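Here the structure is laid out as structure tokens; the discussion comes afterwards.
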Amino acid sequence: MTGKAGKKKGVHTISLGKVRDKRGNLSVVESGSSIPFKIARSYWVYDVPGGEARQGHAYHKSEEFIIALSGSFDLLTDDGKKSSTIHLDRCNKGVYIPSGTWRHMINFATNSIALVLASTAYSPKDYIRDYEKFKELKEAGEI
Ligand code: TYD
């Protein structure tokens, strides 16, 4: 049970399924099948003080899939037209975020771990850190 990436294009949750076992449950992400991109990079955010937030930003190119591996947090997304808040608190459910989406992680519970799978290698140039700039690029159809 690896879950399946659907044909949806925008921000959406993907259920990864769960292999139940009395020795402990197991969930899997397969590059390009459970999620709609090939994974180039994985990173995780941890030791976040309770109630803390991570800075908002968007990417020119990178797509992401975000899972709360432990604990919980709220994921805020904005594609220029529609914004949403998704509470993540399961390690077998994640959110796909296309490129050109503003995203912000807030309300971390103490000891939470956010796992981020990304479609590109790290590049500071891929970041859009200014919300007004993000809106301009969106309106111009550049992202
Ligand atoms: P950043 O993405 O700016 O995190 P946030 O927006 O949540 O504060 O990353 C924080 C720091 O970590 C930044 O100095 C760059 C570094 N970093 C890497 O070196 N490689 C990576 O893949 C990522 C995501 C960050």
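What to note about this one:
- Using the rule -39500 (n - 2.57) for each DSSP H run of four or more residues, divided by the residues of the chain, the 222 nm mean residue ellipticity is -2000 deg cm²/dmol.
- Once the 1.4 Å probe is applied to the protein heavy atoms, the stretch 43-139 comes out at 51 Å² accessible per residue.
- Counting 0.36 nm for each residue step from ASN107 to SER123 and taking away their Cα separation leaves a gain of 3.1 nm.
- Spin-label zone in the stretch 79-117 - amide nitrogen under 13 Å from a point set 7 Å from the Cα of TYR46 along the C-beta vector: 111-116
- Based on Cα contacts under 8 Å between residues 6+ apart, the chain shows a relative contact order of 30 percent.
- Filtered GluC sites (Glu not before Pro), the stretch 30-103: DSSP coil and at most 16 other beta carbons within 10 Å: GLU30, GLU52
- Rounded to the nearest 10 square angstrom, TRP44 shows an accessible area of 150 square angstrom against a 1.4 Å probe.
- Considering only LEU75, ILE14, VAL116, the residue lying farthest towards the positive end of the dipole of the chain is ILE14, judged by Cα position with unit charges set on Cβ.
- With q set to 0.11 Å⁻¹, the log10 of I(q)/I(0) for the stretch 43-139, from the Debye formula over equal scatterers at the Cα positions, is -0.30.
The values are calculated or read from the model by the stated rules, or taken from the named source; none is laboratory data. Computed from a predicted structure; not experimentally measured. A quick note on method: Cβ atoms are made from the backbone with ideal geometry, for glycine too, and the neighbour counts reach across all protein chains shown. For the accessible areas, the whole protein counts, side chains as well, though only heavy atoms, and no ligand, DNA or RNA atoms are used. Shrake-Rupley method; radii C 1.70, N 1.55, O 1.52, S 1.80 Å.
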